[in-house]
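Read the structure below first, then the notes.
Laboratory data are not the source of any read-out in this text; all were calculated from the coordinates shown. Everything numeric in this text was worked out from a predicted model, so none of it was measured. Glycine gets a Cβ as well: all are built from the backbone with ideal geometry, and neighbour counts include every protein chain shown.
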């Protein structure tokens, strides 16, 4: 049995268009003259709403407000994000053999709503969101201490350079996915242990 930790945005939830749209709306509300594009996300060294705001040229004193507006727009959205094709089946398979946690810079509330919509909430052992104090690496460590006390393997599945680096910082195996928000070129800067191009390959890596 292993502990499998997933990032949320860009790994489970297809939120790219929402991130761009909500980032633009947050900029507009704050009076920031910036046109938000995928490029604002694709090359971030640290993937978070705060660094997204910085990439969107939001002044430092308005970053907290940018984060608040963006998270609230996700929470208020009538339709929840789609899940990437094949991931529901992968999570159902993995949950029968392993512990699963989610480590994200989104809010736990938004993640639980997404999981409930897709019938996955009862398969996830814990969600560590922006409302959980600490860095992503610290949250991975919290999950490991709780669910992998006996030396079980721990995996971090992410779509960003910061996910790969957080895995390395905590000494867990990193799996970079190519269907998310960052380019393969950016992901490779972190030297991930594995790179996968489709969800089914996650099972092959974790259970090999």
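For the residues 65, 60, what sequence is obtained by ranking on other C-beta atoms within 10 Å, fewest first? Walk me through the numbers on the way to the answer.
Numbers: 65 15, 60 9.
The most exposed by this proxy come first: 60, 65.
With springs only between Cα atoms under 10 Å apart, run a GNM on the chain and tell me which of 21, 146, 168 wobbles the most.
146
If each DSSP helix of 4+ residues adds -39,500 (n - 2.57) and the sum is divided by the residues in the chain, what number results at 222 nm, nearest 500 deg cm²/dmol? Before the final figure, lay out the partial values.
On the way: 10 runs with 93 residues, N = 208.
After summing the helix terms and dividing by residue count, I get -13000 deg cm²/dmol.
Rg(Cα) of region 66-120 divided by 2.2 N^0.38 Å?
On the way: Rg = 12.8 Å, N = 55, 2.2 N^0.38 = 10.1 Å.
Ratio of Rg to 2.2 N^0.38 Å for region 66-120: 1.27.
With the Cα gyration tensor of region 60-177 giving a ≥ b ≥ c as the square roots of its eigenvalues, does the rule (a/c under 1.5 for rounded; else a/b larger than b/c for prolate; else oblate) give rounded, prolate or oblate?
Numbers: a/c = 1.90, a/b = 1.20, b/c = 1.58.
Judged from the Cα gyration tensor, region 60-177 comes out oblate (a/c at least 1.5, b/c at or above a/b).
By average Cβ neighbour count within 10 Å, what is the ranking of 125-138, 77-90 from highest down?
Values: 125-138: 17.4, 77-90: 15.1.
Taking the mean over residues of other Cβ atoms within 10 Å, the ranking is 125-138, 77-90.
Which of rounded, prolate, oblate describes region 16-76, given a ≥ b ≥ c as roots of the alpha-carbon gyration tensor eigenvalues and a/c under 1.5 marking rounded, otherwise prolate only if a/b is larger than b/c?
Working: a/c = 1.29, a/b = 1.10, b/c = 1.17.
In terms of gyration-tensor shape, rounded.
Simple spin-label model, 7 Å along Cα-to-Cβ: residue 189 to residue 123 in nm?
3.3 nm
When DSSP assigns beta bridges and you keep just the ones with both residues in the chain, what percent turn out antiparallel, to the nearest 5?
Working: 2 of 21 bridges.
So the antiparallel bridges in the chain amount to around 10 percent.
Simple spin-label model, 7 Å along Cα-to-Cβ: residue 60 to residue 208 in nm?
The two pseudo-label positions are separated by 4.4 nm.
Please work out which option in [x] 0.99; [y] 1.06; [z] 0.95 gives Rg/Rh (Cα atoms, Kirkwood Rh) calculated from these coordinates, and answer with its label.
Step by step, Rg/Rh (Cα atoms, Kirkwood Rh) for this structure corresponds to label [z].
Nearest 0.05, what FRET efficiency do residue 1 and residue 178 give at R0 = 35 Å with Cβ-Cβ as r?
On the way: r = 27 Å, r/R0 = 0.77.
That pair, residue 1 with residue 178, gives E of 0.85.
Normalised by the number of residues in region 51-208, what is the relative contact order in percent for Cα pairs under 8 Å and 6+ residues apart?
Numbers: 186 pairs, mean separation 26.5, N = 158.
Reported relative contact order: 17 percent.
For residue 82 and residue 21 in one chain, what is 0.36 nm times their gap in residues minus the Cα-Cα distance, to one decimal in nm? Please list the in-between numbers first.
Numbers: separation 61, 0.36 × 61 = 21.96 nm, distance 1.56 nm.
Contour length minus Cα-Cα distance gives 20.4 nm.
Which residue, 176, 26, 167, has the most motion in a Gaussian network model of the chain that connects Cα atoms within less than 10 Å?
26
Nearest 10 degrees is fine. How inclined is helix 161-170 to the longest principal axis of the chain, computing both from alpha carbons?
50 degrees
So what is the relative contact order for region 36-135, in percent, with contacts set as C-alpha pairs under 8 Å and at least six apart? Don't skip to the answer; put the middle values down first.
Working: 85 pairs, mean separation 23.6, N = 100.
In percent, rounded to a whole number, it is 24.
Indicate the gyration tensor shape class of region 131-208 (rounded, prolate or oblate), computed on the Cα atoms with a ≥ b ≥ c the square roots of the eigenvalues: a/c under 1.5 is rounded; otherwise a/b larger than b/c is prolate and the rest oblate. Before the final figure, lay out the partial values.
Working: a/c = 2.04, a/b = 1.29, b/c = 1.59.
In terms of gyration-tensor shape, oblate.
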